[in-house]
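Heads up: the structure comes next, in structure tokens.
Each value in this text was obtained by applying a stated rule to the coordinates, not by laboratory testing. Just so we're clear, the structure is a prediction, and the values are computed from it rather than from any experiment. Please note: Cβ atoms are built from the backbone with ideal geometry, for glycine as well, and neighbour counts cover all protein chains shown.
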Amino acid sequence: MHKLILGIETSCDETAASVYCSVDGVLSNPLFSQIDIQKQYGGVVPEVASRSHLEKITPIVQKALIKAGKTLNDIDVIAVTSRPGLPGSLLVGVCFAKALAWSVKKPLIGVNHLEGHVFSSFLQNDVPFPHLCLTASGGHTALYLVKGFGDYEVIGKTLDDAAGEAFDKVGKLVGLSYPAGPTIEKLAAKQEFKDFFQYPRGRKETLNFSFSGLKTAVLYDLVDRGVLDLKTKKILDINPTLQEQVASSLLVCINDVFIKKLKLALKAYPDVKAVTFVGGVACNQFITDNIAQFCEKQDMEFFSPTPRYCTDNAAMIAFVGNYMAKQHKFSDLTLDIFE
Ligand code: KG4
Ligand code: ZN
């Protein structure tokens, strides 16, 4: 039977809603991105984020329903991101979803944002189980062994910064605005993805990630080159070529780390049937192409969602809400953001 899920996502700086049909897939997926607002602060300011969610959540949910050609009465389940994320931002979505569920008498499901990312590849493909999922975003970087819907375990995670954070922080060091990831990819292409500075790749023998050493290595290298002032981290002098060379070396370094971890994980879990790459960093075509080539060599299927499903979105939350409903994993009105 057709089931319609309304998904709501407000964990960070995107206000998103989606109507997902259990048979026909994503019917609508509008979002409002706060990037232009947050850019002026050089990162996400939590207080600014929650105020913006409050302003946008009603029109975005309305837009999702209108685009899907549905009304609230047609919806079977309301799924909302309840963890992890910025508390003030999560609260806006969770309170909104609870009030909506209560007023139109629809069942409610609290969804883990990271589980949304892990299953985002299913919005476009049927991925076989078990598979490995590499999640890389601004807030998280982890490797999962995914055994079934809602059945997954972390087999490696970052011990400090996330990969997206490394792109954003190093980008800031060379004068790029937030979020720096997409700009770094463009600048790296100008230098044909060459590795100029051989930044450190971290420890090889573990499935865990660590990117803070990389950021520090870039910082000291830039200080040595007279680009940065060590105390204030202010840029003294930088030319566009050096900016591109740093971008290129950084991208190649992070790409190498990902490939090495996947190689290690495939050795440790020889039964996996596929690899997925998700989260905001998976928008990066250079890395996606490299992982695809690596998987082809290993005779392994590879899936990575289209960019609108890599970055934060509500379709992935609705998708998880759909199988959680089938598994009778409902929440009640006591649903909290720290559940
Ligand atoms: O998943 P996402 O939209 O939000 C979080 O949950 O964090 O990911 C945003 C992150 C940012 O750090 C951004 O710099 C990075 O994804 N990103 C990229 C690219 N596009 C976005 N990193 C590298 N290359 C890209 N093309
Ligand atoms: Zn995310």
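One line per residue, one yes/no per condition, for (1) assigned to a helix (DSSP H, G or I); (2) within 19 Å of the chain's Cα centre (by Cα); (3) within 24 Å of ALA265 (Cα to Cα):
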{"position": "TYR199", "(1), (2), (3)": "no, no, yes"}
{"position": "ARG203", "(1), (2), (3)": "no, no, yes"}
{"position": "GLY213", "(1), (2), (3)": "yes, no, yes"}
{"position": "LEU222", "(1), (2), (3)": "yes, no, no"}
*Starting from residues that are in contact with a helix residue (DSSP H, G or I) (Cβ under 9 Å, 6 or more places away or on another chain) and outside any helix (DSSP H, G or I), keep the ones in region 247-285 and report whichever is farthest from ligand 2 (Cβ to nearest atom).*
VAL272
_Pairs please, first residue from region 194-209 and under 17 Å from ALA163 (Cβ atoms), second anywhere and of a type in the set (Ser, Thr, Tyr) and in a loop (DSSP other than H, G, I, E, B), Cβ atoms under 8 Å, 6+ apart in sequence or on different chains._
GLY202/SER210; ARG203/SER210
_Looking for something of a type in the set (Asp, Glu), touching a residue at least 24 places away in the same chain (Cβ under 8 Å) and under 26 Å from THR183 (Cβ atoms) - is there at least one such residue anywhere in region 253-263?_
yes
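Table: residues versus (1) more than 8 Å from ligand 1 (Cβ to nearest atom); (2) touching a strand residue (DSSP E or B) at 6+ places or on another chain (Cβ under 8 Å).
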{"position": "VAL118", "(1), (2)": "yes, yes"}
{"position": "GLY138", "(1), (2)": "no, no"}
{"position": "TYR144", "(1), (2)": "yes, yes"}
{"position": "GLY150", "(1), (2)": "yes, no"}
{"position": "GLY156", "(1), (2)": "yes, yes"}
{"position": "PHE167", "(1), (2)": "no, no"}
{"position": "VAL174", "(1), (2)": "yes, yes"}
{"position": "ALA189", "(1), (2)": "yes, no"}
*asked:* Looking only at residues that are farther than 18 Å from THR158 by Cβ and of a type in the set (S, T, N, Q) in region 120-136, which one is farthest from ligand 1 (Cβ to nearest atom)?
replied: ASN125
*asked:* What's the total number of residues in region 267-285 that are more than 16 Å from ligand 1 (Cβ to nearest atom) and surrounded by fewer than 17 Cβ atoms within 10 Å (Cβ to Cβ)?
replied: 6
_Total residues in region 19-36, condition outside any loop (DSSP other than H, G, I, E, B), surrounded by 20 or more Cβ atoms within 10 Å (Cβ to Cβ) and away from ligand 1 (no atom under 15 Å from the Cβ)_ = 4
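Check whether at least one residue in region 318-335 is closer than 28 Å to GLY213 by Cα and either more than 18 Å from the chain's Cα centre (by Cα) or not aliphatic (A, V, I, L, M) (or both), and report yes or no.
no
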*Test set (1) in contact with a Phe, Trp or Tyr (Cβ under 8 Å, 6 or more places away or on another chain); (2) not in a helix (DSSP H, G or I) - THR288 fails condition number*: (2)
*Just name the residue that is farthest from the chain's Cα centre (by Cα) out of those in region 93-116 that are away from ligand 1 (no atom under 16 Å from the Cβ) and of a type in the set (Gly, Ala, Ser).*
SER103
*Taking region 135-152 as the search range and keeping residues that are among the hydroxyl-bearing types (Ser, Thr, Tyr) and touching a Cys at 6+ places or on another chain (Cβ under 8 Å), which one is nearest to ligand 2 (Cβ to nearest atom)?*
TYR144
*Across region 172-184, what is the number of residues that are assigned to a helix (DSSP H, G or I) and either surrounded by 20 or more Cβ atoms within 10 Å (Cβ to Cβ) or among the basic types (Lys, Arg) (or both)?*
4
